[in-house]
Each structure stands twice: as C-alpha cells, then as structure tokens.
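Below is one structure; the comments refer to it alone.
The values are calculated or read from the model by the stated rules, or taken from the named source; none is laboratory data. Here the structure is a predicted model, which is why all the values come from computation and not from measurement. Every residue, glycine as well, gets a Cβ built from its backbone with ideal geometry; the counts of neighbours run over all protein chains shown.
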Ligand SMILES: Cc1cc2nc3c(=O)[nH]c(=O)nc-3n(C[C@H](O)[C@H](O)[C@H](O)COP(=O)(O)OP(=O)(O)OC[C@H]3O[C@@H](n4cnc5c(N)ncnc54)[C@H](O)[C@@H]3O)c2cc1C
C-alpha cells in the first residue's frame, strides 16, 4: 500500500527476489507520492522531490537501482560508483540573491564579516571532523541511509539537543552561518534549527562529502519513480484508497475504496507492506489504534510548491541563472529550473519550481490556513518574492500552478531520531510490515527506498 518511492521500492525489491504475486494500491491517480511530476509542451517538471545526492558505495539499494536504470555506469578502481554525466547536475549549480545581487554558491559570503567567515571555516572543519571520525562501532558517524550511522552514545546524545543549541554551544550561533543552517533545515526538514534534532542537522551536512553533487532530471525524482512504476503496470492499482488493513487468522485483509466506481473492495493476502505516512497508517491499521503517543511523535511539515511557466525570464544581476536559485532572507527556498539539464540549444521557455515550507506555528493550523487561501494570494506571494531578485518577472510568466503538500515530510524534532517512537513504528505487527520514509525520521529518496526494500524483505521472509 502506498505508491510513493517507498512502496514502489518495495515492489522493485520483491521483483528482484523473483516474487511477482503482489498488488500495489495507491490512492492517487498516479504513483510517485512526493516525487510526483507534471508535463507540458515545454518540459517535465517536479511537484516535490527534485534531486538525489550522488550516493556512495554504502547506499547499496540506491547504487543497485541506478545501475539498473543507467545513471551509474560502473565502478572506479576504488569501488566507487561512476555516474553518467547527463544526469549529474550541470554547472552552474546554485546561486544566492543577497544584498541586491546574485552570488555563486549558497553561503551568503557577501553578507559576512571577517569574524563570520571565520565561524563558517570553523563550522566546516567541525563537519569535516565528523566525516573523518573513527567511531567505536566502525560505522560512519552519519551515514545514508541513516541506519548505517554509528550508534556511538556520544553521537546519539546529539539527538537530545536542538541544532540551534549545538551551534550556540560551539560558539557558531549567529549571522550568515545561522541563516545557512536555517535554510538547510527548512530545505530538508521543513523546520527551523531550534525545532530540529542536532543529530539530524549534523547528518544533513556530515553524511555526504563536502564536494558532493547531485543527480537531477527535468521531472526531478519522478524520473526514478516513473521507471519504478513502469514494469509493474499490471500490478499497480491507482485510485485505490486503502481504509483497513487487519491481520486475520491466516493472512491479512485489505479493504479499499475504488475511486472510479465508489465501491469498497476487499483483498486477501499472505502479508501486507504498508508504505503510507504514519499518520495515515494509524488510521487504516486497527492494530495501531492504541499507539496514539507514537503516532503523535510524527510531526509533518506542510509545504507549498508552485510551477511557473516562463518565457524570456529576466536573468538578474550578478551570477548566472543556475539550477537552484535561492533568496537570502526569504521565507521561500527560491526556485529550481526544470530545463537546466537540457542537452539541446538553450530554449527561451522553461518551468521553474518554487518551494515554500511552513516551519513556524502549528502544522495543523497552517494546513487549515493553506487550504483556505485562494490561488491569487499564492500567485501574488510567489511573484512578489521572486520579483525582488528578478524585477519584471511577472511579464514572463504565462502560467502559475500551485500544489499544497499538507503533510509534506516528517520533521526530525529534538529527541525524535532515537527517542524510541520511530523504532516502535517500524516494528511489524504480525503479517503487516511498515516501510515509509517517516520511519527514518527525515524524508529522502534513499530513506524511502531503504524502508520500502527492508519491509519487502521482511514480508517475503514471512511468506
Ligand atoms: C516539497 C518536497 C520536496 C522534496 N524534495 C526532495 C528532494 O529533492 N530529494 C529527496 O530525496 N527527497 C525530497 N523530498 C522528500 C520525499 O518525501 C522523499 O524523497 C520520498 O519521495 C518519500 O517517499 P515515501 O514513499 O516515503 O512517501 P510518500 O511520497 O509520502 O508516498 C506515500 C504514498 O502513499 C499514498 N497513500 C497515502 N495514504 C494512502 C491510502 N490510505 N491508501 C493508498 N495509498 C495511500 C500516497 O498517495 C503516496 O503516494 C521532498 C518532499 C517534499 C514534500
């Protein structure tokens, strides 16, 4: 159940094991979940997840999948994956609008004093030290997927502290560095550093090499999910809203609503793999009803994304238009250009995906406010925000679509990564197995894929 990256990966893992006797039920009209994408005569474009950081050899499922689909073409002498350059983000990768100009890179150097540049250097050194750290259990201090990370108690203790408190404790608490960490937390977790576990905040920076690039496609991670969905066309039921998953004497009963006919249907299985977010799992699996405290620990951040069809868009003053274009001191995360990887001549038209998390206030209240807001109000906000950096932009926009992600991604709140609820939520209940990125404490393709694959393996063992 659930046709996002996790559920599609569960199906992928089953097929790799030679097991084809399954059905995947997805409530939406298309599979993909947070990696859903749109298409127009101009280009395909993402609605949510838009990139995959280059994996290291330890992210085995990711490397396996990328080998199968083409982006990994082999391994170098040291065993590291080699990537097809068509999919590695082309230069210029990122720029930041700060003090009236676009600058290369995302750290706001132009706004930093000498002392603040020193803080940035010290922070970078602390992160490099975590990358080099020889842990007692021989694992990386921070690995991807997160289950690969060291269980060294000193590192796990970082989960009991907020990222903002960790920065302050290290004497790194203010100025451009704090902005940069705030940007990172909003980007990956839909949260502020003060709401984020220091373990998770450090994981963001230290789990990948300093020079790490990413794989990206016009449709973002939809490139991956559409390829995961293609070979299971016959086994994928879309428009299928699951509303009950219960273990019975010799199997599992699954009740679902067929959106096309409005009829409730029942399916019997030897095992079930539930790849929906925890808040949804708690509503459809009666065995979870008594675990309200566990469910409550999974706090999900709301997001708005907008896709802008642009023609002859202004380029702005300073650094060249890039794949990722971020605005300093904006509540948004800026925009990503879906045509960036285009290999042909540079076109006049493109689609930009604008990202806006809502880290402040209560998520449920934000969701209600978001639903009540008319399209005009979102359009004005997007064009005003980007218009600061790109005057005249509104004249280049022919279409602007808005998508609301009510429960965009789980937040790694202080104490959530190793507080116990995650582990409880990941436990199978008899023949019902769980696999969703929520179970990792933060939402990344690698985590969704890992959780889906592990749940599929456990279900196959059971069968
Ligand atoms: C705005 C945004 C940007 C992001 N950007 C990135 C990025 O660039 N890179 C990255 O790695 N990650 C990104 N993410 C994180 C992204 O969530 C994960 O990468 C991944 O796609 C999550 O997959 P999942 O399968 O765990 O969850 P989901 O995508 O939540 O999939 C769950 C699926 O279950 C279905 N479902 C729910 N309830 C039911 C039900 N009752 N019956 C049937 N089906 C049901 C849903 O429709 C959905 O398809 C982003 C997330 C958001 C919100």
Of the residues in region 64-91, those that are modelled with pLDDT of 95 or more, assigned to a loop (DSSP other than H, G, I, E, B) and touching a strand residue (DSSP E or B) at 6+ places or on another chain (Cβ under 7 Å) come to 71, 84, 87, 89
> Does residue 326 qualify as being in contact with a strand residue (DSSP E or B) (Cβ under 8 Å, 6 or more places away or on another chain), away from the ligand (no atom under 16 Å from the Cβ), in contact (Cβ under 8 Å) with a residue 60 or more places away in the chain and not assigned by TED's automatic domain parsing to the domain that holds residue 420?
Replying inline: no
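Listed here are the residues, each with its yes/no results for (1) more than 19 Å from the chain's Cα centre (by Cα); (2) free of Cβ contacts under 8 Å to residues at least 60 places away in the same chain; (3) surrounded by 24 or more Cβ atoms within 10 Å (Cβ to Cβ); (4) near the ligand (Cβ under 6 Å from one of its atoms).
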{"residue": "3", "(1), (2), (3), (4)": "no, no, yes, yes"}
{"residue": "11", "(1), (2), (3), (4)": "yes, no, yes, no"}
{"residue": "14", "(1), (2), (3), (4)": "yes, no, yes, no"}
{"residue": "17", "(1), (2), (3), (4)": "yes, no, no, no"}
{"residue": "27", "(1), (2), (3), (4)": "yes, no, no, yes"}
{"residue": "35", "(1), (2), (3), (4)": "no, no, yes, yes"}
{"residue": "44", "(1), (2), (3), (4)": "no, no, no, no"}
{"residue": "49", "(1), (2), (3), (4)": "no, no, yes, yes"}
{"residue": "57", "(1), (2), (3), (4)": "yes, yes, no, no"}
Scanning region 193-221 for residues that are modelled with pLDDT of 95 or more and surrounded by fewer than 18 Cβ atoms within 10 Å (Cβ to Cβ), the one nearest to the ligand (Cβ to nearest atom) turns out to be 214
- Query: Is at least one residue of region 167-183 closer than 27 Å to residue 356 by Cβ, assigned to a helix (DSSP H, G or I), in contact with a strand residue (DSSP E or B) (Cβ under 8 Å, 6 or more places away or on another chain) and not assigned by TED's automatic domain parsing to the domain that holds residue 439?
  - Reply: yes
Picking from 90, 99, the residue that is under 26 Å from the mean Cα position of the chain (by Cα) and either under 27 Å from residue 453 (Cβ atoms) or in contact (Cβ under 8 Å) with a residue 12 or more places away in the chain (or both) would be 90
Residues of region 341-360 being in contact (Cβ under 8 Å) with a residue 40 or more places away in the chain and out of contact with any helix residue (DSSP H, G or I) (no Cβ under 7 Å at 6 or more places or on another chain), in sequence order, are 341, 342, 343, 347, 349, 350, 351, 352, 353, 355, 356, 360
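With the condition kept exactly as written, say whether any residue in region 129-142 is assigned by TED's automatic domain parsing to the domain that holds residue 187, part of a helix (DSSP H, G or I) and touching a helix residue (DSSP H, G or I) at 6+ places or on another chain (Cβ under 6 Å).
Yes, there is a match, as at least one residue in region 129-142 is assigned by TED's automatic domain parsing to the domain that holds residue 187, part of a helix (DSSP H, G or I) and touching a helix residue (DSSP H, G or I) at 6+ places or on another chain (Cβ under 6 Å).
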Of the candidates 310, 273, the one satisfying the condition of being assigned by TED's automatic domain parsing to the domain that holds residue 359 and either over 19 Å from the mean Cα position of the chain (by Cα) or over 26 Å from residue 47 (Cα atoms) (or both) is 310
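Out of contact with any helix residue (DSSP H, G or I) (no Cβ under 8 Å at 6 or more places or on another chain) and either surrounded by fewer than 18 Cβ atoms within 10 Å (Cβ to Cβ) or within 30 Å of residue 251 (Cα to Cα) (or both): is that true of residue 338 in this structure? Before the answer, list the steps.
Numbers: out of contact with any helix residue (DSSP H, G or I) (no Cβ under 8 Å at 6 or more places or on another chain): yes; either surrounded by fewer than 18 Cβ atoms within 10 Å (Cβ to Cβ) or within 30 Å of residue 251 (Cα to Cα) (or both): no.
No.
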Checked region 369-417 for anything assigned to a helix (DSSP H, G or I), in contact (Cβ under 8 Å) with a residue 40 or more places away in the chain and surrounded by fewer than 17 Cβ atoms within 10 Å (Cβ to Cβ); matches are 388
If we keep only residues of region 227-252 that are over 21 Å from residue 285 (Cβ atoms) and without any contact (Cβ under 8 Å) to a residue 12 or more places away in the chain, then the residue farthest from the ligand (Cβ to nearest atom) is 234
Taking region 418-443 and the residues there that are buried (at least 24 other Cβ atoms within 10 Å of the Cβ) and in a loop (DSSP other than H, G, I, E, B), the one that is farthest from the ligand (Cβ to nearest atom) would be 441
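Every residue, every condition in (1) touching a helix residue (DSSP H, G or I) at 6+ places or on another chain (Cβ under 6 Å); (2) assigned by TED's automatic domain parsing to the domain that holds residue 47, yes or no:
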site	(1), (2)
362	no, no
376	no, no
380	no, no
384	no, no
387	yes, no
392	no, no
400	yes, no
419	no, yes
424	yes, yes
Among residues of region 260-279 being assigned to a loop (DSSP other than H, G, I, E, B) and more than 10 Å from the ligand (Cβ to nearest atom), the residue surrounded by the most Cβ atoms within 10 Å (Cβ to Cβ) is 271
